[in-house]
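A.B. asks: Quick one: structure below, then a few questions.
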Amino acid sequence: MTAAVPAVNPVLRVAPAAPAEAAAHFRASLAFHADVSDVAAGLAAGADPGFVVLDSRSTAAWDQGHIPGAVHLPTALIPEQAGDLLDRSVPVVTYCWGPGCNGATRAALVLAELGYRVKEMLGGFEYWVREGFAYETWEGRENRPADPLTAPATDADCGC
């Protein structure tokens, strides 16, 4: 008679990292990423936020909507124009369309290779709009109601 082999839980098929390794990983992740609400809070603080926001999308995408105050610099133009538009002493936060787009990652890589300190804004422009933050188009400033699936009513609701 053969003993039945218990099914392996797919979540635990690979064991979780040791706590110290996990802490190092997540600390490193926060050094590379910022979320939309943190970027918005930094920009809304009224003073110099200590970073610049860079939209790495095309001009057509920029015209459809962008974060107020962002610098527009498509990824392909970064090597030749970053020095004229950005200060190497100021951290840069890149964004593109959204989670399905790696344009902000590619822009961040180019900037890092040029010597800039950089973070990528998770969620991109899509989540900026979905969380209800104001944005600018070629026609002026706009705002949509927050999507309750992406922007809880309070920080307490999301556990942030």
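The values are calculated or read from the model by the stated rules, or taken from the named source; none is laboratory data. Remember, predicted model here, so these are calculated numbers, not experimental data. Ideal geometry is used to build each Cβ from the backbone, glycine not excepted, and the neighbour counts take in all protein chains shown. In case anyone asks, the SASA skips ligands and DNA or RNA and just uses the protein heavy atoms, side chains included. Shrake-Rupley method; radii C 1.70, N 1.55, O 1.52, S 1.80 Å.
A.B. asks: Using a 1.4 angstrom probe on the protein heavy atoms only, line up HIS72, HIS66, HIS25 by accessible area, largest first.
C.D. replies: Correct descending sequence by accessible area is HIS25, HIS72, HIS66.
A.B. asks: Under a point-charge model restricted to the Cβ atoms of Lys and Arg (+1) and Asp and Glu (-1), what is the dipole moment magnitude of segment 5-160 relative to its Cα centre, in debye to the nearest 20?
C.D. replies: Dipole about the Cα centre, nearest 20: 460 debye.
A.B. asks: LEU85 accessible area, nearest 10 Å², 1.4 Å probe?
C.D. replies: 90 Å²
A.B. asks: Oh, and also: Using 0.36 nm times the number of residues separating SER58 and ALA18, minus their current alpha carbon distance, what extension gain do you get?
C.D. replies: Gain on extension, SER58 to ALA18, equals 10.2 nm.
A.B. asks: ALA34's amide H: which non-local residues (gap 5+, or another chain) put their own amide H closer than 5 Å, with H modeled 1.01 Å from N in plane and none for Pro or chain starts?
C.D. replies: Excluding prolines and chain starts, which carry no amide H, the hits are GLU120, MET121, LEU122.
A.B. asks: Between ARG88 and ALA44, what FRET efficiency comes out of the Förster formula 1/(1 + (r/R0)^6) with R0 = 30 Å and r the beta carbon distance, rounded to 0.05?
C.D. replies: 0.75
A.B. asks: Could you go through segment 79-84 in sequence order and give the Karplus-derived ³J(HN,Hα) for each residue, using 6.51 cos²θ - 1.76 cosθ + 1.60 with θ = phi - 60°, rounded to whole Hz, and x for Gly and Pro?
C.D. replies: x, 8, 10, 4, x, 7
A.B. asks: If you don't mind, there's one more thing I want to ask. For segment 28-159, what proportion of DSSP beta bridges, expressed in % and rounded to the nearest 5, is antiparallel? Intermediate results must be reported in sequence, preceding the final value.
C.D. replies: Numbers: 4 of 16 bridges.
Percentage antiparallel, nearest 5: 25.
A.B. asks: Please give the Cα centre distance for segment 4-35 versus segment 115-138, rounded to the nearest Å.
C.D. replies: Spelled out, the Cα-based centre of one part sits 27 Å from the other.
A.B. asks: Let me have the 222 nm mean residue ellipticity of the chain computed from DSSP H runs of 4+ only, each contributing -39500 (n - 2.57), with the sum over all residues rounded to the nearest 500.
C.D. replies: -10000 deg cm²/dmol
A.B. asks: Work out how much length PHE26 to THR137 would gain on full extension: take 0.36 nm times their residue separation and subtract the Cα-Cα distance, in nm to one decimal.
C.D. replies: 36.4 nm
A.B. asks: What whole-number value in Å² describes the accessible area per residue of segment 81-148 for a 1.4 Å probe?
C.D. replies: Spelled out: the 1.4 Å probe surface of segment 81-148, per residue, equals 56 Å².
A.B. asks: Another question about this same structure. Here are a few candidate values for Cα extents along the principal axes in Å: (i) 74, 38, 30; (ii) 86, 39, 27; (iii) 46, 39, 28. Which one was actually calculated from the structure I just gave you?
C.D. replies: So the structure-derived entry is (i).
A.B. asks: Still on this structure, I have one more. With axes computed from alpha carbons, what is the tilt in degrees of helix 19-32 against the longest principal axis of the chain, rounded to the nearest 10 within 0 to 90?
C.D. replies: For 19-32 against the chain, the angle is about 20 degrees.
A.B. asks: Residue by residue through segment 35-40, what is 3J(HN,Hα) from phi via Karplus (6.51 cos²θ - 1.76 cosθ + 1.60, θ = phi - 60°)? Round to whole Hz and write x for glycine and proline.
C.D. replies: Rounded to whole hertz, the list is 9, 4, 5, 5, 5, 4.
A.B. asks: Compute the length gained on full extension between ASN9 and THR105: take 0.36 nm times their separation in residues and subtract their Cα-Cα distance, giving the result in nm to one decimal. Could the numbers behind the result be given before it?
C.D. replies: On the way: separation 96, 0.36 × 96 = 34.56 nm, distance 3.24 nm.
That works out to 31.3 nm of additional length.
A.B. asks: Further, regarding this structure: Round to the nearest 10 and give me the degree value, 0 to 90, for the angle of helix 103-113's Cα axis relative to the longest principal axis of the chain.
C.D. replies: Tilt of helix 103-113: around 80 degrees.
A.B. asks: Report in % the part of the accessible area of segment 25-106 that belongs to carbon and sulfur, leaving out ligands and nucleic acids; probe 1.4 Å.
C.D. replies: Result for segment 25-106: 58 percent of the exposed heavy-atom area is carbon or sulfur.
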